[in-house]
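Worksheet: one structure, shown below.
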Amino acid sequence: MLTASLFYSIGENFMYYTSTGDTVNMGYRRAPIITKSNIGKVEISGVEAEIRYDFNENLTCFGNYTLTSARIIKHEVKDMKVDSVLTGKYLTDIPKHKLSGGIRWNQKYFNTSVLAKYYGKTWINEWNIIDTEYFFTDMFDDHFILNIRFDKTFKKHYTAALQIDNLFSKKYIDDRLSESPGRLILFRIGYRF
């Protein structure tokens with residue numbers, strides 16, 4: 001199966017996190033004060049393609065690629081002394097390139113899923129310029145993570161799963177400006193009615 005889609009949307013009265021131009025002393029560093037405000041209008045467009053192949057009823061592989069452009073096309077500036085005009089700037093939390101792929105293998109004793117994800121670079125700040133205080137670059141690095149999951153159903157009602165997200169414990173900055181926690185191991189037991 002091969003699918004492709006184009007998308008285009010305009011967001012009116014778009015809410016977005018922006019800097020107030022002020023900072024707060026956190027004791028170990030000065031952090032910018034961020035507020036959520038209405039920035040006016042954004043334009044989000046792109047293309048997405050997905051491929052899926054079932055080798056048989058027990059083995060499936062898939063891949064997905066997305067190319068996205070997300071720009072501010074109208075910024076309503078409330079105070080020119082504090083705010084910068086963001087019209088024409090790209091949104092900070094949307095990578096231009098995203099790629100994912102995986103495989104699902106159903107076996108007699110347990111099922112295995114492997115999922116690889118690639119996130120392209122994203123802008124560090126709403127002005128799309130180099131951050132000269134903390135990161136000393138204009139974009140967060142791209143990153144690749146690998147997730148793996150083993151699951152089993154017993155007697156039609158009981159389930160157990162072991163899931164390891166970010167298998168190689170890759171450190172990266174997420175869209176909330178927080179460092180990723182690294183490897184995450186989850187164990188789940190369930191009962192289906």
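Here, each number is a calculation from the coordinates, and none is a lab measurement. Fair warning: this is a prediction, and the values are worked out from it, not measured in the lab. Here the Cβ positions follow ideal geometry from the backbone for every residue, glycine too, while neighbour counts run over all protein chains shown.
Looking at the range 52-79, I want the residues that are over 30 Å from W127 (Cβ atoms) and have a partner that is outside any strand (DSSP E or B) with Cβ atoms under 6 Å, at least 6 apart or on another chain. Which pairs are those?
R52/M1
Given the residues L91, L99, L86, which is the only one that is aliphatic (A, V, I, L, M) and surrounded by fewer than 18 Cβ atoms within 10 Å (Cβ to Cβ)?
L99
Given the structure, is Y53 part of a strand (DSSP E or B), exposed (fewer than 13 other Cβ atoms within 10 Å of the Cβ) and hydroxyl-bearing (S, T, Y)?
Spelling it out, Y53 is indeed part of a strand (DSSP E or B), exposed (fewer than 13 other Cβ atoms within 10 Å of the Cβ) and hydroxyl-bearing (S, T, Y).
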